[in-house]
Amino acid sequence: MEPEPGPGPGRWGPAACVLTGASRGFGRSLARLLAPRLGEGSLLVLLARSAAPLAELAAEVRAGGSGLRVECLAADLGCEQGLRRAAAALREVLPAAPPGRLLLVNNAGNNAPPPPPGPPALRPAGAAGLGPRRPSLGPAAAEPRLDPCFGCQERTEPSSLGDVSKSFLDLTDPDEINSYFAFNVTSALCLTSTALQAFGKRPGSSRTVVNISSLCAVKPFKNWALYCSGKASRDMMFQVLALEEPDVRVLNYAPGPLDTDMQLLARTKTGDPAMRQYFQSLQESGQLIDCTASAQKLVTLLEEDTFCSGAHVDFYDI
């Protein structure tokens with residue numbers, strides 16, 4: 001995804017960009033980096049559960065004067081009603097979006113933990129060619145268009161991580177498990193297929209789909225059965241997309257152990273004492289990754305556009 005000629009240095013041409021999980025953390029940082037790169041007349045769709053943070057982010061983007069149309073879609077993707085409303089909104093806005101490019105970033109449910117304690121063989125580090133070792137919108141711009149999904153059951157545990165105090169043998173409640181996968185797997189599949197269909201195949205256009213993945217997609221973590229299986233499912237799901245749709249560029253990007261609220265949950269609630277202590281020591285030693293730094297690496301990957309479609313690329317591989 002190389003920058004096209006535009007009114008500013010490094011700007012892409014007109015594009016449609018959809019970003020889920022945009023209200024905080026990695027998603028919010030990524031939105032701030034993408035907005036000034038999108039060309040005049042581009043559409044930026046920001047989707048998350050909470051309307052207020054989305055409105056704040058949209059106002060910040062508009063204040064940048066980058067000539068974008070911003071749509072905020074506040075919906076709970078963990079319930080059927082919220083997912084259907086979000087999909088309907090994409091079907092409404094994407095057909096009329098700029099025809100040159102579609103970028104869809106599936107970030108909802110993202111949290112990338114650090115590697116678990118263990119021998120170095122768990123994660124090769126310092127290999128040759130790899131990165132560091134692991135340790136303005138106009139007045140017509142749209143305001144937030146969807147309210148949070150009333151009628152959806154409130155979740156007491158953050159569905160993107162699951163209840164990490166539980167071991168595998170503790171996971172006996174079908175409702176808990178189904179709710180987790182509805183938010184973290186079903187919604188990503190439905191929104192991606194909906195977005196690709198709504199944008200369609202257009203002559204001369206490009207379509208790129210990014211799944212925000214995790215080391216947990218390829219490595220097991222104690223007490224993280226739901227999160228690991230969800231991330232692994234998403235990685236394979238998007239690999240299938242890459243095979244079925246060779247004209248769609250697909251990337252599974254693992255952003256590294258981010259300094260987020262969910263990492264705080266990992267180091268305070270993980271049931272396994274050794275894992276919990278390791279998460280704590282990683283934070284105390286300052287080894288967590290700033291969200292903006294990781295988001296910048298993703299933007300660089302997209303601009304260079306040399307990754308193999310469907311590949312799993314880690315922050316530390318760049």
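The values are calculated or read from the model by the stated rules, or taken from the named source; none is laboratory data. Note that the structure is predicted; figures quoted are calculated from it, not measured. Virtual Cβ from ideal backbone geometry, glycine too; neighbours counted across all protein chains shown.
The table that follows gives values for the structure above.
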| quantity | calculated |
| --- | --- |
| Residue in the stretch 97-120 that is under 18 Å from the mean Cα position of the chain (by Cα), part of a loop (DSSP other than H, G, I, E, B) and at pLDDT 95 or above present | yes |
| All helices (runs of 4 or more DSSP H) inside the stretch 243-318 with 3 or more residues being over 27 Å from Ser206 (Cβ atoms), at pLDDT below 95 and out of contact with any helix residue (DSSP H, G or I) (no Cβ under 6 Å at 6 or more places or on another chain) | 261-269, 273-284 |
| Unmet requirement for Ser165, which otherwise passes all of (1) closer than 21 Å to Lys269 by Cα; (2) modelled with pLDDT under 95 | (2) |
| Any hit, the stretch 72-83, residues being over 15 Å from Arg207 (Cα atoms) and surrounded by fewer than 19 Cβ atoms within 10 Å (Cβ to Cβ) | yes |
| Among the residues listed as Asn184, Asn223, Asn211, Asn178, the single one being crowded, with 22+ Cβ neighbours inside 10 Å, more than 17 Å from the chain's Cα centre (by Cα) and not small (Gly, Ala, Ser) | Asn223 |
| Failed criterion for Lys222 (all others in (1) among the basic types (Lys, Arg); (2) in a helix (DSSP H, G or I); (3) over 23 Å from Pro36 (Cα atoms); (4) modelled with pLDDT of 95 or more hold) | (2) |
| Hey, Gly200 at pLDDT 95 or above, within 25 Å of Pro14 (Cα to Cα) and loosely packed, with under 14 Cβ neighbours inside 10 Å or not | yes |
